[in-house]
1. Choose one of 41, 59, 30: the residue whose Cα lies farthest towards the positive end of the charge dipole of the stretch 30-69 (beta-carbon charges +1 Lys, Arg; -1 Asp, Glu; about the Cα centre).
2. Sorted by packing (mean other beta-carbon atoms within 10 Å per residue), highest first, where do 5-16, 37-48 land?
3. In which sequence would 25, 2 go, from the one with the fewest C-beta neighbours within 10 Å to the one with the most?
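Just so it is clear, none of the values below were taken in a lab; they were calculated from the coordinates. Small disclaimer: the values here were computed from a predicted structure and weren't measured. As a convention, Cβ positions derive from the backbone with ideal geometry for all residues, glycine included, and neighbour counts pool all protein chains shown.
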Amino acid sequence: MKIFRVIRPLVATQRISGLEHKHLKVVNDGKADFVAIDAVGCIPGDWVIGVGSAAAREAAGRDKFPSDLTIVGIIDHWPPEDENRVADEKEKEGTGA
């Protein structure tokens with residue numbers, strides 16, 4: 001499992017059979033953007049838990065599903081440590097957050 005932030009929905013009108021009714025989201029892990037199947041109904045700005053490989057296919061609906069990343073949970077509260085650390089360092093330096 002990995003933590004991602006939802007960036008935006010992804011619209012792809014031409015899809016393979018079985019993928020027609022699945023919602024897609026662009027997510028970011030702090031380094032890169034990825035496309036994920038949204039199995040939980042998240043919105044942009046949400047922090048989510050994503051699974052990959054066989055777990056992603058199973059979470060998306062079946063073990064032969066064509067997904068290598070599926071969102072399986074929305075995190076209720078997630079203060080990213082990097083953002084907190086940067087704000088703390090700016091406050092210590094007197095530059096404000």
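1. Ranked along the dipole, the leading option is 59.
2. Working: 5-16: 11.4, 37-48: 17.1.
Put in order of decreasing packing, that is 37-48, 5-16.
3. On the way: 25 23, 2 12.
With the sparsest Cβ surroundings first, the list reads 2, 25.
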